[in-house]
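Trainee: Handing you a structure now.
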Amino acid sequence: MLDMGRRARAASRELGLLTAQDRTRGLKAIAAAIRAAAPDVLRANAEDMAAARAKGLAPAMLDRLALDEKRLEGVAAGVETVAALPDPLGRELARWTPPNGLDIARIAVPLGVIGIIYESRPNVTVDAGVLCLRSGNAAILRGGSESAKSSAALANAMRGALKSEELPVDAIQLVATTNREAVGHMLGGLEGALDVIVPRGGRSLVERVQAEARVPVIGHLEGLCHTYVHAAADPKKAVDIVLNAKMRRTGVCGSTETLLIDVAVAATLLPQIAKALTDAGCELRGDGRTRAILGDITPATEADWATEYLDAILSIAVVDGLPGALAHLARWSSGHTDAIITEDTAAAETFIANVDSAIVLHNASTQFADGGEFGFGAEIGIATGRIHARGPVGAEQLTTYKYAVRGTGQVRP
């Protein structure tokens, strides 16, 4: 692990000498290499899937792990999108001249060496690697044991592409062992080699990283996402958006876990929404007022309001207008993604202003909580903290800045 850290630090210095065109060339080569390696990657993923089923992994985890030709092509296309992004380095973020006459500029630069610790999704191997390359950072990747073979096949393809383009191969390194001691070494900072750690996974992983890391962390809590159907919601939009927000893919962090519905429209609109959800195979759990409208559904307990199901389960609460929705969110939201459905622009703006989440949507599905959908090409994760990065973490969010100060002979009095 220490050797990986040293090699990553050396690679980060080499990356600093590359031009934006060099990095773009490497990214295009990686996209081509992933397509060329598709048979090997899918074969490796089939082995991971078989082992995961034998272990009894939950359907949501299996969905996160699974790759097929369409998903793999989406991964490669995402790399091309990252390659086409404006270069995030060297941007002049601000420039001014104070009374002392100095010309001061704030300029975007890489973070350095980034360690990414993640669970079952093998596409993160690619997303993290290419976003780091685009932003001039070296990456040390430690995936979950469930995706070990898939991640190795993808990492081999990426490193092969870098080698073929005569770019620093150690800019992307995958930790080969699934031994948890490797995570401990990364949390210790690898004797100063790591500048930042990004955890991507469940609550237990993120909490361990945040508790034990001796380097800065860009982290997120679970995606306890909410959709609020306001009294002025368009009924068709409400049904369509809620169905998509919950059931498009239940295992992603942007899946809605709690539906809030205004008491003013609950009696008429909630049955329509509930029918669409149950017809799609969703289990509903509700508070007392919800059950009075829908009848025999499972009572929601306090634990339900705090649970990221990552499954076809939805908790429902009837709330007293916008103030009731805001109060529920203030108590239970994890600060990830929350949405309002309404045709009342003033209500929507009040919701956006008062909900303290990384992503707040109006008349759109919470499943848009994704770097690709934001035009970032990919993401390392959705950051819910307030320091450095928030929301989808793409290439631009993997930079910091330095000051370039130009004088004409000034000395300080």
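Trainee: Once Lys and Arg get +1 and Asp and Glu get -1 on their Cβ, which of Ala300, Val355, Val229 lies farthest toward the positive end of the dipole of the chain?
Mentor: Farthest towards the positive end: Val355.
Trainee: Give me the percent relative contact order of segment 225-369, please, defined on Cα pairs under 8 angstrom at least 6 residues apart.
Mentor: Relative contact order of segment 225-369: 34 percent.
Trainee: With a 1.4 Å probe and all protein chains in place, put Trp96, Trp332 in order of accessible area, largest first.
Mentor: Sorted by accessible area, descending: Trp96, Trp332.
Trainee: What translational diffusion coefficient, in µm²/s and rounded to a whole number, does the Stokes-Einstein relation yield for segment 225-369 at 4 °C and a viscosity of 1.567 mPa s, taking the hydrodynamic radius as the Kirkwood radius over Cα pairs?
Mentor: It diffuses with D of about 89 µm²/s by this estimate.
Trainee: Take the solvent-accessible surface of the protein heavy atoms, probe 1.4 Å, and return the percent of it on the chain that carbon and sulfur atoms account for.
Mentor: 52 percent
Trainee: How big is the antiparallel share of DSSP beta bridges in segment 78-235, given as a percent to the nearest 5?
Mentor: 20 percent
Trainee: Still on this structure, I have one more. Using a basic spin-label model with each label point 7 Å from the Cα along Cα→Cβ, how many nm lie between Ala32 and Lys236?
Mentor: Each label point lies 7 Å from its Cα, and together they span 4.7 nm.
Trainee: Counting alpha carbon pairs within less than 8 Å and at least 6 residues apart, what relative contact order, in whole percent, applies to the chain?
Mentor: With pairs under 8 Å counted, the relative contact order is 19 percent.
Trainee: Out of every Cα-Cα pair in segment 1-152, what percent are more than 20 Å apart?
Mentor: Here the tail beyond 20 Å accounts for 58 percent of pairs.
Trainee: Spin-label point model (7 Å from Cα, Cβ direction): what's the Glu166 to Arg71 distance in nm?
Mentor: 3.8 nm
Trainee: How much FRET efficiency would the formula 1/(1 + (r/R0)^6) give for Asp344 and Ile104, where r is the Cβ-Cβ distance and R0 is 35 Å, rounded to 0.05?
Mentor: 0.15
Trainee: Taking a point 7 angstrom from the Cα of Thr408 along the C-beta vector, which residues in segment 56-95 have backbone N less than 19 Å away?
Mentor: 95
Trainee: For the residue pair Asn363 and Ile387, what label-to-label distance in nm results when each label sits 7 Å from Cα along the Cα-to-beta-carbon direction?
Mentor: According to this spin-label approximation, the distance is 3.9 nm.
Trainee: Moving to a separate point now. Given Cα pairs under 8 Å that are at least 6 residues apart, what percent is the relative contact order of segment 286-383?
Mentor: 20 percent
Trainee: With a 1.4 Å probe and all protein chains kept in place, how do His226, His185, His362, His328 rank by accessible area, largest first?
Mentor: The most accessible residue leads, giving His185, His362, His328, His226.
Trainee: Under a point-charge model restricted to the Cβ atoms of Lys and Arg (+1) and Asp and Glu (-1), what is the dipole moment magnitude of segment 225-369 relative to its Cα centre, in debye to the nearest 20?
Mentor: Taking the Cα centre of segment 225-369 as origin, the dipole is about 260 debye.
Trainee: Here's another thing I want to ask about it. May I ask you to give the solvent-accessible area per residue for segment 225-369, in square angstrom, as obtained with a 1.4 angstrom probe?
Mentor: I get 38 Å² per residue for segment 225-369.
Trainee: Sticking with this structure for a sec: Rounded to the nearest 0.05, what FRET efficiency do Arg53 and Ala292 have when you use their Cβ-Cβ distance and R0 = 41 Å?
Mentor: Once rounded, the FRET efficiency stands at 0.50.
Trainee: Report, in deg cm²/dmol and to the nearest 500, the calculated mean residue ellipticity at 222 nm for the chain, where each DSSP H run with n ≥ 4 adds -39500 (n - 2.57) and the sum is divided by the residue count.
Mentor: The helix contribution divided over the chain gives -13500 deg cm²/dmol.
Trainee: As a test, work out the antiparallel percent of DSSP beta bridges whose residues both lie in the chain, rounded to the nearest 5.
Mentor: That works out to approximately 25 percent antiparallel.
Trainee: Straight-line reach from Lys236: which lysines have Cα under 18 Å away, leaving out those fewer than 8 places along the same chain?
Mentor: Excluding near neighbours in sequence, the set is Lys246, Lys275.
The values are calculated or read from the model by the stated rules, or taken from the named source; none is laboratory data. The shown structure was predicted, so the numbers you read here are calculated from the model rather than taken from an experiment. Every residue, glycine among them, receives a Cβ derived from its backbone with ideal geometry; neighbour counts consider all protein chains shown. Calculation scope for accessible area: heavy atoms of the full protein, side chains included, ligands and nucleic acids excluded. Shrake-Rupley method; radii C 1.70, N 1.55, O 1.52, S 1.80 Å.
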